[in-house]
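The values are calculated or read from the model by the stated rules, or taken from the named source; none is laboratory data. Just so you know, these numbers come straight off a predicted model, no measurement behind them. We place every Cβ from the backbone using ideal geometry, glycine too, and count neighbours over all the protein chains shown. For accessibility, only protein heavy atoms count, side chains too; no ligands or nucleic acids. Shrake-Rupley method; radii C 1.70, N 1.55, O 1.52, S 1.80 Å.
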Amino acid sequence: MKSKELLHELVHSLSKSEKRYFSVFASTHKESNNYAKLFNAIHAQKEYDEAALLKHFKNEDFVRQFSVAKNYLMNLILKSLSNHHQKAKKSIELNEYLTEIEVLFWKGLYKLCHKKITQAKKIAEKYDLTHYLLLINYWERRNEDYVSKTMLNEDVVKETHLYLNRYNQQMQMNFLIKKMENVTKSSIKSTRKNIQPVVEIFNHELMQLKEEEINNFYTKVDYLFLKGVGNALLRDEKKEFYYKKRLLDFLEANPHQIQENPIRYASSLNNILLYYYFQGYPKEYPMYLDKLDQVELKFDHVKASFYDTKYNLKIGYYLHLKDIGKLKETLNEMELWYNSVVSKKSMQAKMICEFNMALAYFFLKDNKQCLKWSNSCFKMFDMKAKKFRHDLAISSLILQTFIYIDLKHFELALRNIEWVFSIAELNKYGVAEMAIFKILKEMAKEEKITGFIDELVLIINKQGKAVINLDKDAVVYWVEAKGY
């Protein structure tokens, strides 16, 4: 994206309160009046049109150096956002403190510098922001010669070593999180293939520690998260539930941390709700689902993660309840929201959302919309590597296959099944899944469903609540529609 388009994107990303603040902020700078005009003109454009802007402002002096004017406006907006959100996140507030601390130090105002260091340190310790504590301690060590009678404050040195050790633990745990993400990028379901890497993660020295031996908040959150997800993949339901519930309880015992970083809370709710999903939606499910609506969201990045979790889980729940009214209402909300943010979403997030919408439309017997979303989901799948979220690709193809069989487009159904087999064989799918695919292939070849549905029902019923790569609901909804 070119710089001029980035400016257009920045202008249009501002919320109503951010725009109001910018208007006031710009009005306090006399030289910014022209840039406020430029801001309003860009905001009025749905698509960026520089030629129209140049024509509109042809009599303004700043047009002579238009690239400079655009750069100034971008910096002015960013400064406005920084001031507006100074108290929104403690990390932003600490950045301001560090700037003040450095300025005061270089001006030789050591006592005031010490006061700011003390204030910043108190915030960083409360929120366990180790990387900020290291920076604060750096300035504390530099400033201490001017405010302390001792040449070297040993307490500060000890603290620095403590923070370094905690930060090192945090970075190692973050590395393990990335390794777990690589495991779940193929499929979130338990397979023979992903057991070994989970065992390797659990064998790491940090994962051998007891929870009480971990002092850093973020390291403990990652530790509990890994234990919960890892035990799910190892099919230890008892330990899976313990650690997923423990993580949620730990976060809720630290509400100031949820306010600072709600994404972790959304992730923990997602994990406990996924556990309950595979247990058949017990009575606790709606209670946890409601928690997603109770968190204050301040930034678009956080909103995107929360809404992903909320809409995907609500669709699953209303499908379970067979509540068509609530399902349609949620789908309408989700599509409007999704289309407005799709360009900012990761590939995995897009695939998950699009498959869930496809599944919901399949249940509602809306073939057109189901094909639209399932096809869009599958197009994101790399058919050369056949790895990244192969479970979603397979399930999308199966949805389409059922529709093609119902519409008697058997040649299209066969094409899909061939793709399914190529993906499933490479990723070593289980016996039950392969048996389902073989039945569907026979249906398409024989161009009939009579005699095959009973076999399909038998296999699905045998699965119970077992976790398999294929989304079982896709098959269940189809056979139920046939009267089974």
Would you pick out the residues in the stretch 245-261 that are closer than 13 Å to Lys90 by Cβ and either of a type in the set (A, V, I, L, M, F, W, C) or part of a helix (DSSP H, G or I) (or both)?
-> His256, Gln257, Ile258, Gln259, Glu260
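Just to be sure before I move on: is Ile352 open to solvent by 60 Å² or more (accessible area, probe 1.4 Å) and β-branched (Val, Ile, Thr) in the structure I sent?
no
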Can you pull out the residues in the stretch 60-87 that are farther than 16 Å from His12 by Cβ, polar (S, T, N, Q) and either touching a His at 6+ places or on another chain (Cβ under 9 Å) or modelled with pLDDT of 85 or more (or both)?
-> Gln65, Ser67, Asn71, Asn75
Among the candidates Asp145, Asp128, which residue alone is within 28 Å of the chain's Cα centre (by Cα), acidic (Asp, Glu) and either within 30 Å of Leu251 (Cβ to Cβ) or open to solvent by 40 Å² or more (accessible area, probe 1.4 Å) (or both)?
-> Asp128
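For the stretch 396-409, does any single residue satisfy the condition of being in contact with a helix residue (DSSP H, G or I) (Cβ under 6 Å, 6 or more places away or on another chain), of a type in the set (Lys, Arg) and either assigned to a loop (DSSP other than H, G, I, E, B) or open to solvent by 50 Å² or more (accessible area, probe 1.4 Å) (or both)? Talk me through it step by step, then tell me what you get.
Looking only at the stretch 396-409, we keep the residues that are in contact with a helix residue (DSSP H, G or I) (Cβ under 6 Å, 6 or more places away or on another chain), and these are 396-405.
Filter once more, so that each one left must be of a type in the set (Lys, Arg): none.
No: zero hits.
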Is it the case that the stretch 438-454 has a residue that's on the phi > 0 side of the Ramachandran plot and open to solvent by less than 70 Å² (accessible area, probe 1.4 Å)?
-> yes
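Test of understanding: among Phe225, Phe175, which residue is assigned to a helix (DSSP H, G or I) and surrounded by 15 or more Cβ atoms within 10 Å (Cβ to Cβ)? Even if it seems obvious, please write down each step before you answer.
Working: Phe175 fails: surrounded by 15 or more Cβ atoms within 10 Å (Cβ to Cβ).
Checking each option against the conditions leaves just Phe225.
Using the structure shown, decide if Lys185 is open to solvent by 50 Å² or more (accessible area, probe 1.4 Å), of a type in the set (Lys, Arg), modelled with pLDDT under 90 and over 22 Å from Asp128 (Cα atoms).
yes
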Within the group Ile77, Ile92, which residue is closer than 25 Å to Lys37 by Cα and of a type in the set (A, V, I, L, M, F, W, C)?
-> Ile77
Here the qualifying pairs (Cβ atoms under 9 Å; residues six or more apart or on different chains; first in the stretch 153-181 and over 30 Å from Ser267 (Cα atoms); second open to solvent by 60 Å² or more (accessible area, probe 1.4 Å)) come out as Asn153/Arg141; Val156/Arg141; Val157/Arg141; Thr160/Tyr138; Thr160/Arg141
Quick one: which residue in Glu240, Glu212 is among the acidic types (Asp, Glu), closer than 16 Å to Asn271 by Cβ and either assigned to a helix (DSSP H, G or I) or modelled with pLDDT of 95 or more (or both)?
-> Glu240
Got at least one residue in the stretch 60-71 being open to solvent by less than 50 Å² (accessible area, probe 1.4 Å), part of a helix (DSSP H, G or I) and touching a residue at least 60 places away in the same chain (Cβ under 8 Å)?
-> yes
Give the stretch 246-271 a look and list any residue that's open to solvent by 50 Å² or more (accessible area, probe 1.4 Å) and within 12 Å of Lys291 (Cα to Cα), or say none.
-> Glu252
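Yes or no, residue by residue, for (1) at pLDDT below 90; (2) of a type in the set (A, V, I, L, M); (3) not in a helix (DSSP H, G or I):
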position	(1), (2), (3)
Glu418	no, no, no
Phe421	no, no, no
Met434	no, yes, no
Lys441	no, no, no
Gly451	yes, no, yes
Trp478	no, no, no
Per the filter on the stretch 278-333, residues open to solvent by 60 Å² or more (accessible area, probe 1.4 Å), modelled with pLDDT under 90 and touching a Leu at 6+ places or on another chain (Cβ under 8 Å) are Lys303
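Might you check whether a residue that is farther than 27 Å from Ala413 by Cα, of a type in the set (Gly, Ala, Ser), out of contact with any helix residue (DSSP H, G or I) (no Cβ under 6 Å at 6 or more places or on another chain) and part of a helix (DSSP H, G or I) occurs anywhere in the stretch 337-344?
Just the residues of the stretch 337-344 that are farther than 27 Å from Ala413 by Cα, to begin with: 337-344.
After this cut, where a residue has to be of a type in the set (Gly, Ala, Ser) as well, the list is 340, 343.
Applying the additional criterion that residues be out of contact with any helix residue (DSSP H, G or I) (no Cβ under 6 Å at 6 or more places or on another chain) yields 340, 343.
Filter again for part of a helix (DSSP H, G or I), leaving 340, 343.
Scanning the stretch 337-344 turns up at least one residue that is farther than 27 Å from Ala413 by Cα, of a type in the set (Gly, Ala, Ser), out of contact with any helix residue (DSSP H, G or I) (no Cβ under 6 Å at 6 or more places or on another chain) and part of a helix (DSSP H, G or I).
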Out of (1) over 20 Å from Gln86 (Cα atoms); (2) modelled with pLDDT under 85; (3) not hydrophobic (A, V, I, L, M, F, W, C), the one Glu47 does not meet is (2)
Test: residue in the stretch 362-375 that is part of a helix (DSSP H, G or I), aromatic (Phe, Trp, Tyr), modelled with pLDDT under 95 and touching a helix residue (DSSP H, G or I) at 6+ places or on another chain (Cβ under 8 Å) = no
Please list, ordered by first then second residue, the pairs with beta carbon atoms under 7 Å, 6 or more apart or interchain, first in the stretch 277-294 and assigned to a helix (DSSP H, G or I), second of a type in the set (A, V, I, L, M, F, W, C) and open to solvent by less than 60 Å² (accessible area, probe 1.4 Å).
-> Phe278/Val467; Tyr285/Leu273; Tyr288/Leu269; Tyr288/Ile272; Tyr288/Leu273; Leu289/Leu273; Leu289/Leu313; Lys291/Leu269
